[in-house]
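To keep things clear, I will list the structure first and then write my remarks on it.
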Amino acid sequence: MKIEEGYMPFMGYKTYYRIVGEPSRERKPLLLLHGGPGSTHNYFEVLDRVADETGRQVISYDQIGCGNSYLDGHPELWTQETWMNELIALREHLHLDQLHILGQSWGGMLIIAYLIEKKPAGVCSAIISSGHPSSSLWASEQHRMIKLMPKEDQEAIQKAEETGNFDDPTYLRANDRFMELHCASIDENSPECVRRLKRAGKEAYLYGWGPNEYVPTGTLGDFEYIDRLGEITQPCLIFSGTEDLCTPAVARAMHEGIPGSRWELMQGCRHMCFVDCHEEYCRILEPWLAQHD
């Protein structure tokens, strides 16, 4: 498969992008929005197969602040506005007049805000993979799941929240266990692109979201779109896992709020359904894209 890499000028900095496959008139490109904020495109390389199997381009990018678009020392940048403007600029730069958009975690949040706030033309469909429409609902669900952990882990997390000390080794071990239960565990059997070292945007995550998944103290802490989900008119496919940070309650809120949406709850999957249940995920995604081309 053809792979093209490049950079787009943005706000005096640069945004890295990666295009897999050849252009097609019939098959609209799929643009991937990674999570975090501050993660990278790396894990999305497992979806390169979609380009080969569907004959469409699959495009990913490192959002400003991480990966090949790394930047820090600018906490004022880490806002929904910055990343939404970057998405708009990338569509223009790559002439993505018609496309599908898939966002995972924070990327799914970005899709929701983009469709509601900007009412963009040319979005054939949206795929929200373990995203959320409400930071308060998200935080509540994370705390509910924390209560299912061993008492010592609960106490370590509670103490960190009360004191603001998120560097304590006891807390860090508890948080690692929480993330392994509901986000991912990476070992020698994981796909190479998932295991690959990445330059995560720690500052972007801290100022954009917070110190962990359940304390949204950053600029996205007031991300609340449940009451506006009915404004989304594009066909929407929602993925979530039974063991996901995106709990069934969170996914159900999106499904019930977005008119005509489809929800796929994937058994045994955590926060990266496209990795944990890769074959099933692609078997659902590829016909969906063809249906809405």
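Surrounded by 24 or more Cβ atoms within 10 Å (Cβ to Cβ), in a strand (DSSP E or B) and either at negative phi or not basic (Lys, Arg) (or both), is that true of residue 108?
no
Kindly indicate which of 186, 128 is of a type in the set (Val, Ile, Thr) and touching a residue at least 12 places away in the same chain (Cβ under 8 Å).
From the options 186, 128, the qualifying one is 128.
Condition check ((1) in a loop (DSSP other than H, G, I, E, B); (2) loosely packed, with under 15 Cβ neighbours inside 10 Å) across all residues:
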site: 6; (1), (2): no, yes
site: 18; (1), (2): no, no
site: 26; (1), (2): yes, yes
site: 35; (1), (2): yes, no
site: 48; (1), (2): no, no
site: 52; (1), (2): no, yes
site: 72; (1), (2): yes, no
site: 83; (1), (2): no, no
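So if I check each of 172, 102, 115, which one is in a helix (DSSP H, G or I) and under 21 Å from residue 220 (Cα atoms)? Step through it out loud before you land on a result.
On the way: 172 fails: under 21 Å from residue 220 (Cα atoms); 102 fails: in a helix (DSSP H, G or I).
Step by step, each of 172, 102, 115 is checked, and only 115 is in a helix (DSSP H, G or I) and under 21 Å from residue 220 (Cα atoms).
Can you tell me which residues in region 214-246 are acidic (Asp, Glu), assigned to a loop (DSSP other than H, G, I, E, B) and under 30 Å from residue 119 (Cβ atoms)?
Applying the first criterion (acidic (Asp, Glu)) to region 214-246 yields 222, 224, 227, 231, 243-244.
Checking the rest, the ones that are also assigned to a loop (DSSP other than H, G, I, E, B) come to 243-244.
Selection gives 244 alone.
Tell me whether region 185-194 contains one or more residues that are under 23 Å from residue 144 (Cα atoms) and under 19 Å from the mean Cα position of the chain (by Cα). Step through it out loud before you land on a result.
In the first step, residues of region 185-194 are kept if they are under 23 Å from residue 144 (Cα atoms); the result is 185.
Remaining after also requiring under 19 Å from the mean Cα position of the chain (by Cα): 185.
Yes, because at least one residue in region 185-194 is under 23 Å from residue 144 (Cα atoms) and under 19 Å from the mean Cα position of the chain (by Cα).
Residue under question is residue 136, and the condition is that it be in a helix (DSSP H, G or I), of a type in the set (S, T, N, Q), surrounded by fewer than 21 Cβ atoms within 10 Å (Cβ to Cβ) and touching a residue at least 60 places away in the same chain (Cβ under 8 Å); does it hold? It would help to see each step written out before you state the result.
Details: in a helix (DSSP H, G or I): yes; of a type in the set (S, T, N, Q): yes; surrounded by fewer than 21 Cβ atoms within 10 Å (Cβ to Cβ): yes; touching a residue at least 60 places away in the same chain (Cβ under 8 Å): yes.
Yes, satisfied.
Residues in region 204-212: is at least one outside any loop (DSSP other than H, G, I, E, B) and closer than 19 Å to residue 275 by Cβ?
For region 204-212, residues outside any loop (DSSP other than H, G, I, E, B) and closer than 19 Å to residue 275 by Cβ: absent.
Tell me which residues, restricted to region 111-133, are hydroxyl-bearing (Ser, Thr, Tyr) and buried (at least 24 other Cβ atoms within 10 Å of the Cβ).
Those that are hydroxyl-bearing (Ser, Thr, Tyr) and buried (at least 24 other Cβ atoms within 10 Å of the Cβ): 129, 130.
Could you go through region 238-251 and let me know if any residue there is surrounded by fewer than 19 Cβ atoms within 10 Å (Cβ to Cβ) and more than 26 Å from residue 45 (Cβ to Cβ).
Checking region 238-251: at least one residue is surrounded by fewer than 19 Cβ atoms within 10 Å (Cβ to Cβ) and more than 26 Å from residue 45 (Cβ to Cβ).
Counting only residues that are aliphatic (A, V, I, L, M) and more than 16 Å from residue 185 (Cβ to Cβ), which one in region 252-281 is surrounded by the fewest Cβ atoms within 10 Å (Cβ to Cβ)?
Applying the filter and picking the extreme gives 265.
Being modelled with pLDDT of 95 or more, in a helix (DSSP H, G or I) and loosely packed, with under 14 Cβ neighbours inside 10 Å narrows it down to one residue among 155, 180, 141; which is it?
Of the residues listed, the single one that is modelled with pLDDT of 95 or more, in a helix (DSSP H, G or I) and loosely packed, with under 14 Cβ neighbours inside 10 Å is 180.
The values are calculated or read from the model by the stated rules, or taken from the named source; none is laboratory data. Keep in mind that this is a model prediction, so the values were computed, not measured. Cβ: placed from backbone, ideal geometry, glycine included. Neighbour counts: every protein chain shown.
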